[in-house]
Amino acid sequence: MVNRLCQSREAIVHDQPGVTRDRTYQEGFWGDRDFKVVDTGGLVFDDDSEFLPEIREQADIALEEASVALLIVDGLQGITAADVSIAEWLRCHPCQTVVAVNKCESPEQGLAMAAEFWSLGLGEPYPVSAIHGSGTGDLLDHVLSLFPPKQDQLEEDPIQIAIIGRPNVGKSSLLNTISGESRAIVSSIRGTTRDTIDTLIERDGQAWRLVDTAGIRRRRSVNYGPEFFGINRSFKAIERSDVCVLVIDALDGVTEQDQRLAGIIEEKGRACVVVVNKWDAVEKDSHTMPIVEKEVRSKLYFLDWATILFTSAVTGKRVDSIFALASIAVQQHRRRVSTSVVNEILQEALSWRSPPTTRGGRQGRLYYGTQVASSPPSFTLFVNEPKLFGDTYRRYVERHLREGLGFDGTPLRLFWRGKKQREAERDLSRQQIMPS
């Protein structure tokens, strides 16, 4: 139903009870109104087994924020004792409640199926079909009529932070500490978080959208089902983020899976801050932090441009510093530099170290460079022959660009274009503009 109302596929749909645990947010639009749908886990009141108390707590918080509560019931199954319990529970909350009777695919039979749910005492039940979409327009018309008047929207889009890491490194605890509330269920059981959990907060006048993601395990360890879908959403969260916070367990150190995740962040061209969490649990002295930082950098050598921060989600130490570092990383990620400045840095690099020469006497020549894109910052370097510039010299040029221009917290992209490439492109351009 959430996917239908928001015209998305974000909510995990799987034929298994208890797939949804945390409360997750999606944005929708109907008529002239934008709205948010908060999806919560299935409610059970006569059982306190694994996660059920936490799911009820998350639903309680969602109702405190909501303007309207939408109770989804099963029209094929009919009214149940669980529906009656939830209806009684909803009467204790101040927000208005609307009953949506799902699985009413037949318009003729739908009204008869919905009639039974008048006995819940929550007003008119609306027959709908989440699969086919029938009845959802009338439902949204009624729900939106209960909304308060429109409020002014934020002028600036929020910066999106994706919190990425292996299972049990403290991602959900970090989210709860940052947001100052029990935003995500925290458990020592692996795979507790399945959906990507969006949280909108404000710091120093800047809006931020924090996205807590499912812990990403090795592919061979993941079975098809809720965890598989959750991990796919984690990869999508990396792609749509402005900056990734890669969380590493201070007790475990950098693992092979951490290296894979770092590689994905670099490959996708996302800005990044590396957070070493659970620092409070480490026995340390004045030399521990530099030693651990050196070890982390040696294993995450392809993220040598990322800032490393040591935090504790339990005590809250240095957690607020994530925003300052993420803000710098995003600014650098979006930054553009003039061609004249780029070429000053390149000329300085050439004066310190000339391009390599082959055994046959051919030497690479670097003519000039220019920035062609941002997010991530991308530069095209014009040379005589790209093959004459080996990996070592290319790394030297990138390092010199970083030293001269900064770009802390973001990857760089360097494109090496040779003379033959430029001539081929000019010939193709001429052919395209010549009349037939």
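Only residues that are part of a strand (DSSP E or B), in contact (Cβ under 8 Å) with a residue 40 or more places away in the chain and surrounded by fewer than 16 Cβ atoms within 10 Å (Cβ to Cβ) were counted in the range 366-390, giving 2. On the stretch given as the range 296-322, residues that are of a type outside the set (Val, Ile, Thr) and either over 22 Å from Arg402 (Cα atoms) or not in a helix (DSSP H, G or I) (or both) total 13. Looking for whichever is of a type in the set (Val, Ile, Thr) and closer than 18 Å to Ser241 by Cβ here; the options are Val330, Val372, Val314. Which one fits? Answer to the selection: Val330. Residue count for the range 321-351, restricted to those that are more than 24 Å from Tyr393 (Cβ to Cβ), of a type in the set (A, V, I, L, M, F, W, C) and touching a residue at least 24 places away in the same chain (Cβ under 8 Å): 7. Within the bounds of the range 420-429, is there any residue that is more than 14 Å from Leu346 (Cβ to Cβ), surrounded by fewer than 16 Cβ atoms within 10 Å (Cβ to Cβ), assigned by TED's automatic domain parsing to the domain that holds Leu366 and modelled with pLDDT of 90 or more? No: the range 420-429 contains no residue that is more than 14 Å from Leu346 (Cβ to Cβ), surrounded by fewer than 16 Cβ atoms within 10 Å (Cβ to Cβ), assigned by TED's automatic domain parsing to the domain that holds Leu366 and modelled with pLDDT of 90 or more. Scanning the range 132-165 for residues that are under 30 Å from the mean Cα position of the chain (by Cα), hydrophobic (A, V, I, L, M, F, W, C) and at pLDDT 85 or above turns up Leu140, Val143, Leu144, Ile159, Ile161, Ala162, Ile163, Ile164. Restricting Phe310, Phe302 to those that are of a type in the set (Phe, Trp, Tyr), outside the structural domain of Tyr396 (by TED's automatic domain parsing), closer than 30 Å to Thr380 by Cα and touching a helix residue (DSSP H, G or I) at 6+ places or on another chain (Cβ under 6 Å) reduces the list to Phe302.
Okay, residues lined up against (1) at pLDDT 65 or above; (2) in the same structural domain as Asp138 (by TED's automatic domain parsing); (3) in contact with a strand residue (DSSP E or B) (Cβ under 6 Å, 6 or more places away or on another chain):
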position	(1), (2), (3)
Glu27	yes, yes, yes
Val37	yes, yes, yes
Leu52	no, yes, no
Ile55	yes, yes, no
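With respect to (1) within 18 Å of Ala262 (Cβ to Cβ); (2) within 27 Å of the chain's Cα centre (by Cα); (3) exposed (fewer than 14 other Cβ atoms within 10 Å of the Cβ), the lone exception for Lys294 is condition (2).
The values are calculated or read from the model by the stated rules, or taken from the named source; none is laboratory data. None of these values were measured; they are calculated from a predicted model. Here the Cβ is made from the backbone with ideal geometry for all residues, glycine too, and neighbour counts use every protein chain on show.
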